[in-house]
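Let me begin by presenting the structure, written as structure tokens, before commenting on it.
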Amino acid sequence: MILKSNRTGKIILTATGYNAFIPAKLPPYPPICIDDEMQALLSDADRRLGRLDGITQVLPNPDLFLAMYVKKEAILSSQIEGTQASFVDVLNVSDKITSETRSGAEDVVNYVKAMNYGILRLNNLPLCLRLIREIHGILLEGVRGSDKSPGEFRKTQNWIGVAGCSLNNAAFVPPPAEEMLNCMSELESFFHDQTYIPALIKIAMIHAQFETIHPFLDGNGRVGRLLITFWLCQQKILAKPLLYLSYYFKQNRNEYYQRLMAVRLEGDWEGWIKFFLKGVSTVADEAIDSAKAILSLKEKYSKKLLEYKGNINHAQRLLEYLFEQPIITRKIVAEGLQISQPTANTLVDVFCKQGILLDVTPHKERYKLYYFQDYLDILEKGTEQ
């Protein structure tokens, strides 16, 4: 690895004979050049974030939308790391899934737990190394990587490269363990540095620096992406944690890694930040479109149910329930709405005839499963493998 700028950091030769990279502390020097292009991208991203914040205020149940959107982010972030679970795998109430998919789904469930825990924890603990370790512990608890010191910074060297590569031919070798702790302390200081830097530019730098330091043996990518959301919440950029860049990083995976390497090798912070700001605008628009589509879907089916000759209150309650539980059985409907089983059966049949529910087990007489497919289609966008 050859550095092309003294803005990046330095390469050291370790006592055991391999080269490792030590990033320069933030903010970079010379300072970030906010040219006309970057200023335009920053203004555009800020404007779209404002629109996203606004549309969540008119959603009938913003917390429910948030809960589903967190699951989507968890799937996308986990897919970047190779997890095979789909949105349906995570939501599916049946036990008819393979052991491989179940393991992937558990990775995703842990991500959701880590996200929710972190957002609550920010109420009484600022973003810090302690919180980062706690989040990591939740992410890896009982899943793939649970043997990689969950909740603890690494004490040994790690490296990044193609499968089977060694320290000597790795694409990138992060700081050795003893240097890594100092790098993380410097990063924590940067979290709380009061020098004015636009918030989106600052979190772009924080994410890149964290991925460069790579402080854990496993789970660095997922923790680094969670940091983006935590930072934006802590800074009150969004009222609710609805901005997740995993969708953009997955769609532009090669450029994502190339931009990070360009920061390390060339000190090209400006190229990385512009890429990041484009991502903020892209995912804000995607979230806005999803919210609008959900509002439109709810309105469409609410009008359709006005034609229902039975108990309209039960029908409207089931529609509301489907936005919370889009994969159901007849028994789940009866229990969820606290109605009799015959009433639940009638409602499910009506919803199937109206095209609201899709019977995905038509060959079965018992234990049938139904999808609120139109809603799932909105939520699944971008999670396809």
Over the stretch 347-357, the set of residues out of contact with any Asp or Glu (no Cβ under 9 Å at 6 or more places or on another chain) and surrounded by fewer than 18 Cβ atoms within 10 Å (Cβ to Cβ) is Asp349, Lys353
Return the residues of the stretch 151-187 that are β-branched (Val, Ile, Thr) and free of Cβ contacts under 8 Å to residues at least 40 places away in the same chain; say none if nothing qualifies.
Val162
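Of all residues in the stretch 139-178, which are part of a helix (DSSP H, G or I) and surrounded by 19 or more Cβ atoms within 10 Å (Cβ to Cβ)?
As a first pass, look at the stretch 139-178 and keep what is part of a helix (DSSP H, G or I): 139, 177-178.
Scanning the stretch 139-178 gives a single hit, Leu139.
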From the list Glu335, Glu286, exactly one residue is charged (D, E, K, R) and buried (at least 17 other Cβ atoms within 10 Å of the Cβ). Which is it?
Glu286
From Leu243, Leu295, Leu265, Leu305, which residue is surrounded by fewer than 16 Cβ atoms within 10 Å (Cβ to Cβ) and either of a type in the set (A, V, I, L, M, F, W, C) or modelled with pLDDT of 95 or more (or both)?
Leu295
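If a residue has to be under 28 Å from the mean Cα position of the chain (by Cα), in contact (Cβ under 8 Å) with a residue 24 or more places away in the chain and either assigned to a loop (DSSP other than H, G, I, E, B) or loosely packed, with under 13 Cβ neighbours inside 10 Å (or both) to count, how many in the stretch 5-36 make the cut?
Taking the stretch 5-36 first, the residues under 28 Å from the mean Cα position of the chain (by Cα) are 8, 21-28, 32, 34.
Checking which are in contact (Cβ under 8 Å) with a residue 24 or more places away in the chain leaves us with 8, 21-23, 25-28, 32, 34.
Next cut, either assigned to a loop (DSSP other than H, G, I, E, B) or loosely packed, with under 13 Cβ neighbours inside 10 Å (or both) only: 8, 25-28, 32, 34.
Looking only at that region, the number is 7.
From the residues in the stretch 52-61 that are in a helix (DSSP H, G or I) and surrounded by 13 or more Cβ atoms within 10 Å (Cβ to Cβ), which one is modelled with the highest pLDDT?
Leu52
If I ask for residues that are over 14 Å from Tyr321 (Cα atoms) and either touching a residue at least 40 places away in the same chain (Cβ under 8 Å) or in a helix (DSSP H, G or I) (or both), which ones from the stretch 340-372 would you list?
Applying the first criterion (over 14 Å from Tyr321 (Cα atoms)) to the stretch 340-372 yields 340-343, 345-346, 349-350, 352-355, 358-369.
Result: Gln341, Pro342, Thr343, Asn345, Thr346, Asp349, Val350, Cys352, Lys353, Gln354, Tyr367, Leu369.
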Checking Pro215 against (1) of a type outside the set (A, V, I, L, M); (2) at pLDDT 95 or above; (3) over 29 Å from Ala45 (Cα atoms); (4) surrounded by fewer than 21 Cβ atoms within 10 Å (Cβ to Cβ): exactly one of these is not met. Which one?
(4)
Against the definition (assigned to a helix (DSSP H, G or I), assigned by TED's automatic domain parsing to the domain that holds Ile32 and at negative phi), how does Leu181 come out, yes or no?
yes
If you take the residues of the stretch 185-225 that are assigned to a helix (DSSP H, G or I) and β-branched (Val, Ile, Thr), which of them is farthest from Leu49 (Cα to Cα)?
Ile213
Failed item in (1) in contact (Cβ under 8 Å) with a residue 60 or more places away in the chain; (2) within 19 Å of the chain's Cα centre (by Cα), with Lys148 passing the rest:
(2)
What number of residues within the stretch 325-339 are part of a helix (DSSP H, G or I) and either more than 22 Å from Tyr69 (Cα to Cα) or in contact with an Asp or Glu (Cβ under 7 Å, 6 or more places away or on another chain) (or both)?
7
Counted residues in the stretch 274-312 being free of Cβ contacts under 8 Å to residues at least 60 places away in the same chain and aliphatic (A, V, I, L, M) come to 4
Options Thr329, Thr282, Thr343: the member that is touching a His at 6+ places or on another chain (Cβ under 8 Å) and either at pLDDT 90 or above or not assigned by TED's automatic domain parsing to the domain that holds Pro31 (or both):
Thr343
All but one of (1) crowded, with 20+ Cβ neighbours inside 10 Å; (2) aromatic (Phe, Trp, Tyr); (3) in contact (Cβ under 8 Å) with a residue 60 or more places away in the chain; (4) in a helix (DSSP H, G or I) hold for Tyr248; which doesn't?
(3)
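The values are calculated or read from the model by the stated rules, or taken from the named source; none is laboratory data. Just so it is clear, the model here is predicted, and its values are computed rather than measured. Heads up, the Cβs are rebuilt from the backbone with ideal geometry, glycines too, and the neighbour counts pull from every protein chain shown.
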